[in-house]
Amino acid sequence: MKIAVVGTGYVGLVTGVCLSEIGHHVTCVDIDEQKVEKMRQGISPIFEPGLEELMKNNIDRGLLTFTTNHKEAFSDAHAAYIAVGTPQREDGQADLRFIEQVAVDIAANLTNDIVVVTKSTVPVGTNERVKRILLKNLAGDYKVDVVSNPEFLREGSAVNDTFKGDRIVIGAENPEAADLIEAVNKPFGIPVFKTDIRSAEMIKYASNAFLATKISFINEIANLCEKLEANVEDVAAGMGMDDRIGNKFLNAGIGYGGSCFPKDTSALVQIASYVQHDFNLLKSVIEVNKVQQHMLIQKAKTRFGSLEGRRVALLGLAFKPNTDDMREAASIVLAQELVKEGAEVVAYDPISIENAKKLLPAQTVYVNSPEEALLAADFAFIVTEWKEVKALTPEDFKERMKLPIIFDGRNCYNLNEMEKHNIEYYSVGRKPVN
Ligand code: NAD
């Protein structure tokens, strides 16, 4: 089939590339000319394992093209996927300006009937709004259907998730449109769940809100474990053996970040408020997460008193490993607070430094290896569990730092090992080693 994908970010580009890999003719359209030029040359503008290889492959097979020209993308297309951003507005609501603009662009450039598929995460009722905009701006007497097909990929394993996802959710009014999108996805061999449009939109928010709840829950348990001298890793392992609970998403740490959980949880609180529903549980999840992000700073202040003039190794900047995405990363909050407290921040990340420079305080110094960051540091903050960070040995800390003092927000190291090597080690929900 001929498919247009609008927006070539983490979701759009991965979707376009994977749809071409299973044999569709895909045209990806973006308004960012520099990005499009890069992609035409087979260069991925984002870091995502396995993506660039598939991209080059399908450009060579003639199945994948890139353009800034909407007409070129939509003419003769059976389906147009919307995958533009829905960032958080100041008041917590999802900003739908990009979605609305794309609906106008699609309608104005149609040359045939089309199914418009919303991949972006959008509040309940948005697809109906998209349909109204499409109908209002139609270039001719064409039939348009709208399908909600929310995306569940995770950055860092997005290609793998697209081929091996748990489910594909298809929300539609018209069963024929739903069948067409099911047929598009058939080669993936992933179970399809069909429902109405509003329920599909809600599935995405409910899923992210539930996962965020799991994270805030285990973080609260971790905070309690610290006070009650229990070990959160054992607690999570013991809980996770119960099938009803499951063992995933029970890693205590410095809270969730990234481009989805913070904005989607806030958006769902707002969506609830439109129908006079006070979503107290989710508000608490968000509050717990905010407090959790400051936890390393609190621990460092308790240990040192003032952080003024202290040199800090900030290890890992991306919101999680295997991505260069810095949106809502805990490292931003931590670096800002450290600088405010008068500390000197020396930061390391294997791939996110260029993106980090736009978001971290200007005083931050960047280095090319975790070992370099540790040189003459008063203490280290472990922020992202990159393999390079996890691979650091007790000797690495002892040989380079003034004194080996670590505040680990990701529980990367073994407590006994730290104890054996006389490292002062504070982690999450586990006893301190000091
Ligand atoms: P992104 O910010 O990485 O990319 C958006 C792209 O859309 C940009 O390249 C931008 O230039 C382009 N764009 C904006 N307006 C356009 C227009 N009028 N025409 C063509 N292109 C346009 O966004 P993302 O992270 O890929 O997220 C996209 C959506 O998917 C969001 O709603 C997000 O919540 C959702 N989502 C994201 C993830 C994730 O892990 N990033 C996972 C699931 C769902």
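The values are calculated or read from the model by the stated rules, or taken from the named source; none is laboratory data. All values reported here derive from a predicted model rather than from experimental measurement. Positions of Cβ are backbone-derived with ideal geometry, glycine not excepted, and every protein chain shown enters the neighbour counts.
Of note:
- Checking Val333 against (1) out of contact with any Ser or Thr (no Cβ under 9 Å at 6 or more places or on another chain); (2) within 16 Å of the ligand (Cβ to nearest atom); (3) part of a helix (DSSP H, G or I), the condition it does not meet: (2)
- Apart from one condition, Ala347 fits all of (1) in a loop (DSSP other than H, G, I, E, B); (2) farther than 20 Å from Ile423 by Cα; (3) touching a residue at least 12 places away in the same chain (Cβ under 8 Å); the exception is (1).
- In segment 102-129, the residues that are more than 13 Å from the ligand (Cβ to nearest atom) and among the hydrophobic types (A, V, I, L, M, F, W, C): Leu110, Ile114, Val115, Val116, Val124
- Test: residue in segment 250-273 that is more than 21 Å from Cys412 (Cα to Cα), among the basic types (Lys, Arg) and within 14 Å of the ligand (Cβ to nearest atom): yes
- Every condition in (1) assigned to a loop (DSSP other than H, G, I, E, B); (2) surrounded by 14 or more Cβ atoms within 10 Å (Cβ to Cβ); (3) polar (S, T, N, Q) holds for Gln363 except the one numbered (2).
- Subset of segment 215-237 that is free of Cβ contacts under 8 Å to residues at least 24 places away in the same chain and loosely packed, with under 12 Cβ neighbours inside 10 Å - its residue that is nearest to the chain's Cα centre (by Cα): Lys227
- A count restricted to segment 81-91 and to residues that are near the ligand (Cβ under 10 Å from one of its atoms) and either acidic (Asp, Glu) or in a helix (DSSP H, G or I) (or both) stands at 0.
- Qualifying positions in segment 122-139 - touching a strand residue (DSSP E or B) at 6+ places or on another chain (Cβ under 6 Å), in a helix (DSSP H, G or I) and not β-branched (Val, Ile, Thr): Asn127, Lys131, Leu134
- Filter pass, Ala94 being within 9 Å of the ligand (Cβ to nearest atom), modelled with pLDDT under 95 and under 30 Å from Ser273 (Cβ atoms): yes
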